[in-house]
Structure formats: C-alpha cells, structure tokens
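The values are calculated or read from the model by the stated rules, or taken from the named source; none is laboratory data. Quick caveat: nothing in here was measured; it's all calculated off a predicted structure. Here the Cβ positions follow ideal geometry from the backbone for every residue, glycine too, while neighbour counts run over all protein chains shown.
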Amino acid sequence: MFSPFFLRLAGTALCGILTAGAAMADGAFDAALRLDPAAFVPVTVTLDGKPLALRRYEAVYVGKPVAMAAEQPARRMGPGGSPSGAETQALVDPLTYQKLAIFVPETARTQSAMILNVNNGGWFASELRPGITDGGAYVSDSDTDKVGAALAAGYVYVDVGSRGRGIVAADGSLPGKAPAAVVDAKAAIRFLRLNDAVLPGSAERIVITGTSGGGGLSSVVAASGNSADYLPFLAEIGAAGVAADGSSSLADDVFAVIAYCPIVDLGHADLAYEWLFDGIRSADNTADGRWPAVAQAASAELAAGYPAYLDGLGLTLADGSPLTSATMKAAIAAEVQRTVERHLASGGTVPVMGEAFDITLRHPGGEDQISVPNDWLTVEDGRVTDLNLDGFLRFVTATAALKPVPAFDRTANTGNPGVDGENSLFGAATQPYANFTAYGWAANEVAGDGSGADDTGQDWATYAAGEGAALAAQVRLTNPMAYLGTDAKAAPHWYIRHGMIDRDTSFAVELSLAAAARGDSDVKSVDFHLPWMTPHSGDYDVQEAYGWLKGVLAQGN
C-alpha cells in the first residue's frame, strides 16, 4: 500500500534514521538554492497613504520540486474550489506548490522578524498566494490587515505555497499526503536560513502563522523544530541543509507561532468533538439534518473514548492544576467567562437572560446578521454571575450547525462518506483516502477502498503496529501534541486563538494544545483565549496579535 521508502520511515525507527550527532555537510542542493541578492523585483505600495518601497524575491525553495499535473481537480483544491464551478482547472505555474515570495520593506533591519504566512485551510494544498501586490494599499491600524501591521513594523513578509490534500502529480499520484505540508513549510524555513546572510531580517526570528488547517500546520511546525523524523522527507524534495549522507546543517525551528483555530490532533479530534457535544446534538443542530440511530451510537462510542486519552496526556492549566476529563469542561467554562468579562471591560454589553445576542457572521461572500437568544449567561456589575456550559454549547450550535458524525475521519456507515473528509490527507499516494482512527477503521464498509478492517482483516491497533505503521506515522507527523514535551525544539512563543462560537473543532482540543505548549520546557509564553462572538476565521485581531509579537520580540529570546 505504501512505498518501500515510506515504510522504512514508520514507527519508532523514524526518529533514529538520522542522528543529530552526524557530521555536518552542506546540503546537497544548497548551491542551487542560494538567492542572488540582486535578483529582486522592485515593488511600491502605500502604507497609511504614504509610499513604501519593497524588494520582492520569488524562488522555488527545494532542489527537487514535485512535478504536478497540468490540470488539477478544482473541487478538491481547498475552500472555494474553482471560481467557475468547473471540475478541473489549469495549473498556471507547475511549481506554485513549492515556491515562496519574500517581501522586504526598505525599513527592514538585520534583526527584523520574518512573517511566514501559510494558507492551507482544511489541510488542503495551497498555491503561492502573494499577499502584497505592486500598487497595493495597506494600513497599520486595522484589525484585519496583517500585511499593513507587518510592514509598519519593518518585518520581512513571506508567503509560501505548499502541498496538501487535493492535488495531483504529473504521474497521477497524490503528492499532498501527510506530512507533505509540514515538510514543505520546514523546507521554506530552511531556505530562509540558508539565505539569512543576504536578506534583511533574521531567520532566527521566523514567525509562522495560519488559520484552520494552516493554523494546525503552523502549530505542528512550531512544536517539532529540528526533529529528525522529517529529515528523510526533506531529503526527498531536496530541502536546504540536507546533505547527501542525510545529515542536516540547518535548523527548521521557529521563534513564534500565531495560530488561528488550529485543526490539530486529528487522530483524537472526533473523540473530543463528540465528548464535548454529548447530549447537545440533535437533527436540528447537525449540518446534514440527520440524527439516525447509527450516528447516535457512533457519537456515544467516540465520546466514551476521549477521557482515557485526555487523562493520559498529563496536562496542567496555567495555575498548575490538572487538566483532565474531570476538569476540562470547567476549564472551558472559565475561558468563556474570561472572554465575556474582557468584552464587558472593553465597554461591550450582554443581553439580559431571555433577550437575544445580535451577531454578525462575516464570510467571503459578505456577512450575515443573526439573533440567538441568551438562555445561558447572567452578568451583574461587569462580572459573570452564572454561566451554563451546556446552554452555551447549544448557543454555539445555533450560530453554526455541528459537523456530522464523525466530524474528521468520515465513515460511510453514518452517511458521512470519507472522500471529502480529513482522511483524504492520509494513506498512500495512490489512495483517495484512508481511515486513520480506530472508530473510522472499524466502521469502514466500503469494499475495495483499501482502508478498514473490512479490506485488511485487521483491527486498527494491529494494522497500525504492523503493515499500517506508515499510516500511523502520518497521523503523528501532523500532530503537535506528539512533539510538545519531547526533544524537538518548540517555538518559544505561542499565540493561539479559537473563536468563542467556532464549532469546527472541540474547544477541548484547543485548550489541550495551549496546555501542552505551556508545559514544554522550550516555551516561554503562551497567549490563548476565545475571542468574543468570533466564528471559524482568522486574522481578525491583528492589532492585538502584532502588539503581542512586538512584546515578545523585545524580550530578545
């Protein structure tokens, strides 16, 4: 099912293939990947109404980029798909998935931060999408213009294209399978380090940022700095600093991460989702309008599996108290309370019990206004006096219906088929998808798809420990929880946001990520909260985020 190369990397052997103590040699493709400092295109933008000159560099950041098919399946290329609604669209630039654009403002200095912007929503592949255009106008004081904030601070701004699910190679294979997106981001970081001396800005101050799947990707990169697990994959694409003997002369850790609603811990995300919304789900608040007995049974089974996993993580809250299945819901309620009280302290108001919240939901096509009754929250004199968590969770589902069961590792038995779920991120490059959890594996009833006990004759634990070790490795290589608290070099500074009304993953997943980061000895600061009445989205608090970044940069480490 998997290539012999991939199978050699599975399981515990993956970490030990290349040792950190190996003799360091220049990367096999370093000479070809060095930037000519004069090879830039001048770009002029306006910042706060005044002209600002930039240099734009564009480069393929690997020595052996994957050859892509000329036509790509538009419906599987991420949110939005093809603007025309066509099934396929031409790939204008065959190198776009392993290319970056570097924008250097004239105000950049040697120690300026580098903002590495990834766009892999849903863990889909992302073409290079330069966020800065010649003649563009940007402002420094907007809560949604991160380009303006970065340029005003003199930061180098980098947009990166990367592989992910939904793309097709020239040979018909699927080259975006995990951990391709993580590997490409690490390769881009290595490219910046290789060229640090010829670029203003410091590659020791890289700040990776993204939303949703891009937030998840950013979190994995931030957690797994310099892990040898990824070196064979980096060698395969000719990343900077990887020598012919497999040793590495460059690092791929980052200084900070700004992650919005990160979709992470996919191997346990279904468990966390059903555990949180257990007793809340119904046909009325599930996206497909269905709540049959099979889905109810699936939800109950998944929910029952979460406590043992959560309790085994050994997490603690900021005050040192345990974060377990017994305390998680109280911790979520406490985060919601902090959000409400921040809102009140900033001059906001809350409707009295029985009246409605008026909420603006912004989306690419515009915005919608909705009203949802307050039947869960009481405040007095700027403080929360009563907060019913189940009522709050029902409130969240009234703003956006819950994902069907299972939410991530989709299975045909519940009427939630697999090909469009996160399971298309996993499996061999010849498979459209592979189930990647114990429940999804057992419940798969699609004959001949090469996934599940029905086709393999093995339960998940047996398969993952043997023939499917490479699949299990894919799940681990895309999970920051697998690297936080290990010898990998985690980013010192973490800024994590998950909207107060975001139901795209469980609040428990996000609190666990923040707690795991806080518990890593490399991590110096974690700034986490649930922004007021914010749905699944990103880059909505640019002033706060870049103010935070300015503060941690001033600390100098």
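The one condition from (1) modelled with pLDDT of 95 or more; (2) of a type outside the set (A, V, I, L, M); (3) touching an Asp or Glu at 6+ places or on another chain (Cβ under 7 Å); (4) over 25 Å from THR534 (Cα atoms) that GLY154 does not meet is (3).
Is it the case that the stretch 354-369 has a residue that's basic (Lys, Arg) and either part of a helix (DSSP H, G or I) or modelled with pLDDT of 95 or more (or both)?
First, pick out the residues of the stretch 354-369 that are basic (Lys, Arg): 362.
With either part of a helix (DSSP H, G or I) or modelled with pLDDT of 95 or more (or both) added as a condition, the list becomes none.
No, that holds for no residue.
All but one of (1) out of contact with any Gly (no Cβ under 9 Å at 6 or more places or on another chain); (2) modelled with pLDDT of 95 or more; (3) surrounded by fewer than 19 Cβ atoms within 10 Å (Cβ to Cβ); (4) over 22 Å from THR209 (Cα atoms) hold for ARG56, so report the exception by its number. Going through the list (1) out of contact with any Gly (no Cβ under 9 Å at 6 or more places or on another chain); (2) modelled with pLDDT of 95 or more; (3) surrounded by fewer than 19 Cβ atoms within 10 Å (Cβ to Cβ); (4) over 22 Å from THR209 (Cα atoms), ARG56 breaks only (4).
Checking each residue in the stretch 160-198 for being surrounded by fewer than 24 Cβ atoms within 10 Å (Cβ to Cβ) and either without any contact (Cβ under 8 Å) to a residue 12 or more places away in the chain or among the acidic types (Asp, Glu) (or both) picks out ASP171, ASP196, ALA197. Tell me whether the stretch 304-311 contains one or more residues that are within 21 Å of the chain's Cα centre (by Cα) and either over 28 Å from ALA401 (Cβ atoms) or part of a loop (DSSP other than H, G, I, E, B) (or both). No, the stretch 304-311 contains no residue that is within 21 Å of the chain's Cα centre (by Cα) and either over 28 Å from ALA401 (Cβ atoms) or part of a loop (DSSP other than H, G, I, E, B) (or both). Evaluated against (1) touching a Ser or Thr at 6+ places or on another chain (Cβ under 8 Å); (2) buried (at least 23 other Cβ atoms within 10 Å of the Cβ), SER537 falls short on exactly one condition, (2). Taking first residues from the stretch 519-535 that are of a type in the set (D, E, K, R) and partners that are crowded, with 19+ Cβ neighbours inside 10 Å and at pLDDT 95 or above, the Cβ contacts under 6 Å between residues at least 6 apart in sequence or on separate chains come to ASP520/LEU484; ASP520/GLY485; ASP520/ALA490; ASP522/LYS489; ASP522/ALA490; LYS524/PRO492; ASP527/TYR495.
Every condition in (1) surrounded by fewer than 16 Cβ atoms within 10 Å (Cβ to Cβ); (2) not in a loop (DSSP other than H, G, I, E, B) holds for LEU471 except the one numbered (1). Being among the basic types (Lys, Arg), in a loop (DSSP other than H, G, I, E, B) and under 22 Å from the mean Cα position of the chain (by Cα) is a property that holds for LYS177.
The number of residues in the stretch 473-504 that are over 19 Å from the mean Cα position of the chain (by Cα) and over 24 Å from VAL254 (Cβ atoms) comes to 0.
So which of VAL182, VAL156, VAL168 is under 16 Å from ASP252 (Cβ atoms) and either among the hydrophobic types (A, V, I, L, M, F, W, C) or within 15 Å of the chain's Cα centre (by Cα) (or both)? Give the derivation first.
Details: VAL156 fails: under 16 Å from ASP252 (Cβ atoms); VAL168 fails: under 16 Å from ASP252 (Cβ atoms).
Only one candidate qualifies: VAL182.
Per the listing ALA491, ALA508, ALA514, the residue uniquely closer than 23 Å to VAL183 by Cβ, among the hydrophobic types (A, V, I, L, M, F, W, C) and either in contact (Cβ under 8 Å) with a residue 24 or more places away in the chain or surrounded by 19 or more Cβ atoms within 10 Å (Cβ to Cβ) (or both) is ALA491.
Checking each residue in the stretch 231-276 for being touching a strand residue (DSSP E or B) at 6+ places or on another chain (Cβ under 9 Å), among the aromatic types (Phe, Trp, Tyr) and either under 18 Å from HIS498 (Cβ atoms) or surrounded by 24 or more Cβ atoms within 10 Å (Cβ to Cβ) (or both) picks out TYR260, TYR273.
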